[in-house]
Amino acid sequence: MLQQRKANDNGVQFSPIQSVSSWFVKTFKDGGLHGWLAVVGLFSSWMAWIGLIKGLAVMLPTLQEQFNASTWLVGWMIAIIDASMQISALFASPLREKLGVRVVVMVSGLLVGGSLIASAFATSLSQITVLLTLAAGPAVGCSLIVSKELVGRCFKEASTTAFGVGILGGSIAYVTCVPLTQFFLDVYGWRGTKLLFGAILSHLAVCGALMKEPVVKRSNDEYQTVAVNEDTDDGEATSNSRCCSCFNYGRSFISQTFKLGLFSLPSFWLIIFMCNIWKMMNIAWVIYFVVYTTVSKGFSLGDASNCVVSYGIGGILSSITVGPLVKNLQVLSLSNSAWLGLGLFLSSLYYLIDPWLMSFWPILVAAFIYGYFKVMVHIQFDLVIIESFGADRMGFFWGWNGLFTGVTGLFTLYLPGLIYDLYGSYTITFILMGGVQLLTLIALLALVWQRRRRPARL
């Protein structure tokens, strides 16, 4: 009553509509117009990434039949393309510093669309792999990292919501690209499907044209002092000095360009370990889930696609609700690390339970729950990285993580298909995935202990 009386005395009336509108205005002002255009770019980059990988995964049985290839070989082709996305992320932030985010994203959109269109005319599986690995993969990887880094630099208070809206593109891709790919395959064949997807994903270039970096003021301390060398009579000493100077300059240039100082932080290696395992498990699920449900569980391709759509709907709901959920449950004093741990644990539990689910509806619901917590994990990883290293180094972290993840994927992501070819079942694979991902919880506990004992500083 007292609060209501004070509100009436001030002439202010509180209503749910006003609260929601006030939240929208505050969220928009936090990032500004350029910040939300960066979110649109991140949205499109996620859609390109998931649309490309999941579209190829849906085409896996068709490509296997068309080129008379083994399951593990086609799956490894998709893993190689995904690895090129991951590894190329290392060069995303240096390219952004040299060329600007607008140029990087625009060129990436053109490369993605052009390479997909060109792969429609390929006559072998190796030609498709080379085209998409050298062009589409690096383009998508670079555009995603620079867009994510720009969002982190533009937002402060509403960063959870901004990252959630950005990753919404990936969730929508699961809902739209899977049935759309199947429709295109039925009507136009795999070549026509690649042509159409090349045209659709080329829209990333338009989003890049709208993006702009925030204005950064330079201080006098950022300029390097030029040292003046005094002339000496000793030519050998001068030569050695120049060699040392060139070596030191090269080492300093590489260290500054790729932020090698991150390697000295224990938190860097702990988060790399968690991201690496989590991404490997999720990428394996993305590549093999459709063929796994059709072969091991006897589902039709349509039912398997519906499960993937359910997974995407769970991701969409997570993208929309995680930001408000985290903010409104601050009374529980749950940190970003706690939310991350919850998502990692439930994802591991899904891998362990799914092989024992044989009916359609339990698998559909399980895929929905897995999709919800997968997106939550990704958002919380972004926030934990910003807390640990700062928004300016976020892109460099994801770049190094992409390198480690890509190399790991090259040597591991063919294993689910190989296990199936050898034993005729994916049950062993999913149980192993759940057990391995539980290791991330141990690393997370070590990260929390390390940050409390000695906060990370560069």
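The numbers here are math on the coordinates, done by the rules we state, and not lab data. None of the values given here were measured: they were computed from a predicted structure. All Cβ positions, even for glycine, are placed from backbone atoms using ideal geometry, and neighbour counts span all protein chains on display.
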Inset, instruction - Grab the Cα-Cα distance for SER425 and LYS29, subtract it from 0.36 nm times how many residues apart they are, and report the gain in nm with one decimal. - result: 137.4 nm
Legend entry - Entries in LYS98/LYS194; LYS54/LYS212; LYS148/LYS279 that, when Cα-Cα distance is taken, lie over 28 Å: LYS98/LYS194; LYS54/LYS212
Inset, instruction - Just report the Cα centroid separation between region 163-201 and region 382-458, whole Å. - result: 27 Å
Legend entry - Separation in nanometres of the label points that stand 7 Å from Cα toward Cβ, at ALA209 and ILE442: 5.2 nm
